1. Scan region 12-27 residue by residue and report those that are part of a loop (DSSP other than H, G, I, E, B), open to solvent by 100 Å² or more (accessible area, probe 1.4 Å) and more than 18 Å from V107 (Cβ to Cβ).
2. Filter region 190-202 down to the residues that are in a helix (DSSP H, G or I) and buried (at least 17 other Cβ atoms within 10 Å of the Cβ) and list them by number.
3. Would you point out the residue of region 32-60, among those that are outside any helix (DSSP H, G or I) and of a type in the set (A, V, I, L, M, F, W, C), that is nearest to L7 (Cα to Cα)?
4. Sort through S61, S124, S75 and tell me the only one that's at negative phi and buried (at least 20 other Cβ atoms within 10 Å of the Cβ).
5. Do the conditions hold for G50, that is, is it touching a residue at least 60 places away in the same chain (Cβ under 8 Å) and either in contact with a helix residue (DSSP H, G or I) (Cβ under 7 Å, 6 or more places away or on another chain) or open to solvent by less than 20 Å² (accessible area, probe 1.4 Å) (or both)?
6. Considering A133, A154, A158, which residue is touching a residue at least 40 places away in the same chain (Cβ under 8 Å) and within 24 Å of R31 (Cβ to Cβ)?
7. Looking at region 165-181, can you tell me whether even one residue there is open to solvent by less than 30 Å² (accessible area, probe 1.4 Å), free of Cβ contacts under 8 Å to residues at least 60 places away in the same chain, part of a helix (DSSP H, G or I) and within 20 Å of A17 (Cβ to Cβ)?
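The values are calculated or read from the model by the stated rules, or taken from the named source; none is laboratory data. Quick caveat: nothing in here was measured; it's all calculated off a predicted structure. Cβ coordinates were reconstructed from backbone atoms using ideal geometry, including for glycine residues, and neighbour counts include every protein chain displayed. Please note that ligands, DNA and RNA were not included when accessible areas were found on the heavy atoms of the full protein model with its side chains. Shrake-Rupley method; radii C 1.70, N 1.55, O 1.52, S 1.80 Å.
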Amino acid sequence: MAPILVLLAPIAGALFANVVPQTAVPLGFWRGLVVQCTLVAAPLAATWWGPVRWRDLPLMSTGARRSFTLGIAYSLVYLFLLFAAQDMGFRVSHFDLARRALGLPAVLVLYVPLWGFLEALWMSYVYAYLDLALLRRPHPSWPGLALGGAWFGALHAAVQVLAYHVPWARAWPDVAIGVLFCITQSITKWSRNAWGAALFWTVSNF
């Protein structure tokens, strides 16, 4: 039961997000914050309820150097692409409104632990659960990575509909966001360690 709650945590968060009044500014940031808070189900399940435990995530010292090296390399590539996009006139951050309304320090205090590490931890839990419990494969595997990406993308589309009331016709392309799960967790696959994936997700998700 616990893994199902973890897998569906963003859906629960999207439903709860509707309690945030329309007058809240910026509305998307506060509703997104509610969604992110529900991801705490992952560390709670890893601590008390199984079948995925902390050792399975894997946030450990073994492989950490290779994982961090990959995380830094991925982050540098992302930052290069980010600055290139800005030079071309593209708007690339979904926190622009929040920074203007709340200020950068407040956004960072909320962002780094919730949109950064906690979401990366949730992703690691999902990846481990799909491998170890659903697919019954040694973790981390390529099939688990692909399935996790598909689930991540589907959830993002559903959250757009449930939390932000975006029509399905406009929300369904968000399934492509699942590619970001695959890119991020490929660090875990290559290094068998999740620290670098957490670093890259924190950098790239801002």
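1. Narrowing region 12-27 to residues part of a loop (DSSP other than H, G, I, E, B): 20-26.
Checking the rest, the ones that are also open to solvent by 100 Å² or more (accessible area, probe 1.4 Å) come to 22-23, 25.
Within region 12-27, Q22, T23 meet the criteria.
2. S191, W195, G196, A197, A198, L199, F200, W201, T202
3. Kept after step one, since they are outside any helix (DSSP H, G or I), are these residues of region 32-60: 50-53, 57-60.
Going one step further and asking which of them are of a type in the set (A, V, I, L, M, F, W, C), we end up with 52, 57, 59-60.
On the way: V52: 12, L57: 15, L59: 19, M60: 23 Å.
This residue is V52.
4. Sole residue among the options that is at negative phi and buried (at least 20 other Cβ atoms within 10 Å of the Cβ): S124.
5. Working: touching a residue at least 60 places away in the same chain (Cβ under 8 Å): no; either in contact with a helix residue (DSSP H, G or I) (Cβ under 7 Å, 6 or more places away or on another chain) or open to solvent by less than 20 Å² (accessible area, probe 1.4 Å) (or both): yes.
In short, no.
6. Values: A133 fails: within 24 Å of R31 (Cβ to Cβ); A154 fails: touching a residue at least 40 places away in the same chain (Cβ under 8 Å).
Testing whether each residue is touching a residue at least 40 places away in the same chain (Cβ under 8 Å) and within 24 Å of R31 (Cβ to Cβ) leaves just A158.
7. Of all residues in region 165-181, those open to solvent by less than 30 Å² (accessible area, probe 1.4 Å) come to 166, 171, 178, 181.
Next, only the ones that are free of Cβ contacts under 8 Å to residues at least 60 places away in the same chain stay: 166, 171, 178, 181.
So of that shortlist, the ones also part of a helix (DSSP H, G or I) come out as 171, 178, 181.
If we keep only those that are within 20 Å of A17 (Cβ to Cβ) too, we end up with 171.
Scanning region 165-181 turns up at least one residue that is open to solvent by less than 30 Å² (accessible area, probe 1.4 Å), free of Cβ contacts under 8 Å to residues at least 60 places away in the same chain, part of a helix (DSSP H, G or I) and within 20 Å of A17 (Cβ to Cβ).
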